[in-house]
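Trainee: This is the structure I want to talk about, given as structure tokens.
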Amino acid sequence: MTPITKLPISRVVYLINILKYDSHYSMTYITCSRERLTKDLLENYVKSVKPEPSDGSRFKVTLGLTLLNLDDVDDDKKVIETHAYMDHIWRDERLAWEPSEYDDVRTLHLPADSIWIPDVVLFNNAGDDYKPMIDMTVLVFSDGTINYIPPLHLKSFCETVKQPTGVSNRMYIDRYKELVCKLAFLSWMYDGQEMSLVNRSSHIDLSEFRHFPADKFQVKSTAVQVDPKKFPCCAETYDIATFTIVLSNDPKYYHDNAPISDHSPTDLDDHHGSVDDR
């Protein structure tokens, strides 16, 4: 084979153009395959119908929460305001395909409003509404597995636990407390037999959490669990996925923001006399 450095310049330009054409042709071909796949999947798809596993097993939706930041902690109203991603993973066999029939396309992005989406909502919502912050797409894999990760602005209620152990400084011990904040998610329409909720992990994902050193409250721990719950309205039980965030107000916050006195306790004793002297 003739080294490319010894080829005439016209020949080199020709080869480069051929490579560009092949690359453009390949990308165009794949794009056409994705368009054909999208049409084939959605042509007779009915998005109002929930997916049903062909093996007769219970339909499952896996949930995972990734906490991004604490926007606000209202200590008086006992309300926490957060931004987070909520991972929804489920399988819809109607959206499965054979990659070899579509030029080895193995994943596909679809508008979220074009397919069935789990109606998972924040049950103990303390805000005005609960919905994704932006219009979303879903990632569909060739076996029908779907990943839907909407960014959410959440408001939920908390409970106060005062004076946890391990705090000894009397200057701020009365103001030190923990807030236990629970975000409870459930399907609004489907009971636990129709749709089972599964937790992705036993803890909330904090890998992308933005911590601010000046924050009054810090994340102390997290937990995730799924439990069945029965409501007065219905005979069926519903799965509730509870994501718990335990916050503690950092003693250092009060230490750094404590009022500064003009006199130390020793100075006051010397000026007014000690308790024993009076």
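The values are calculated or read from the model by the stated rules, or taken from the named source; none is laboratory data. Because the structure is predicted, anything quoted here is derived from the model rather than measured. Cβ placement follows ideal geometry from the backbone for every residue including glycine, while neighbour counts extend to all protein chains displayed.
Trainee: Read through the list (1) modelled with pLDDT of 85 or more; (2) surrounded by fewer than 15 Cβ atoms within 10 Å (Cβ to Cβ); (3) among the polar types (S, T, N, Q), then give the number of the only condition that residue 169 fails.
Mentor: (1)
Trainee: Additional query: Given 30, 80, which one is surrounded by 11 or more Cβ atoms within 10 Å (Cβ to Cβ) and modelled with pLDDT of 85 or more?
Mentor: 80
Trainee: Please go through the range 142-162 and pick out each residue that is in a strand (DSSP E or B), among the polar types (S, T, N, Q) and surrounded by fewer than 21 Cβ atoms within 10 Å (Cβ to Cβ).
Mentor: Answer for the range 142-162, where residues must be in a strand (DSSP E or B), among the polar types (S, T, N, Q) and surrounded by fewer than 21 Cβ atoms within 10 Å (Cβ to Cβ): 145, 147, 160.
Trainee: Now for a separate question. Restricting to the range 90-113, name every residue that is under 22 Å from the mean Cα position of the chain (by Cα) and assigned to a helix (DSSP H, G or I).
Mentor: Scanning the range 90-113 gives 112, 113.
Trainee: Which residue is farthest from residue 224 (Cα to Cα), if the candidates are limited to the range 53-76 and must be touching a residue at least 24 places away in the same chain (Cβ under 8 Å) and outside any strand (DSSP E or B)? Reasoning before the result, please.
Mentor: From the range 53-76, those touching a residue at least 24 places away in the same chain (Cβ under 8 Å) are 53-54, 58-71, 73, 75; that's our starting set.
Narrowing further to those that are outside any strand (DSSP E or B): 53-54, 58-59, 75.
Values: 53: 26, 54: 29, 58: 21, 59: 20, 75: 23 Å.
The qualifying residue farthest from residue 224 (Cα to Cα) is 54.
Trainee: Further question: What's the number of the only condition in (1) at pLDDT below 95; (2) surrounded by 14 or more Cβ atoms within 10 Å (Cβ to Cβ); (3) not aromatic (Phe, Trp, Tyr) that residue 61 fails to meet?
Mentor: (1)
Trainee: Criterion first (under 22 Å from residue 85 (Cα atoms), of a type in the set (A, V, I, L, M, F, W, C), at pLDDT 95 or above and surrounded by 14 or more Cβ atoms within 10 Å (Cβ to Cβ)) does residue 197 satisfy it?
Mentor: yes
Trainee: Still on this structure: Would you pick out the residues in the range 27-75 that are closer than 25 Å to residue 203 by Cβ and β-branched (Val, Ile, Thr)?
Mentor: 61, 62, 66, 73
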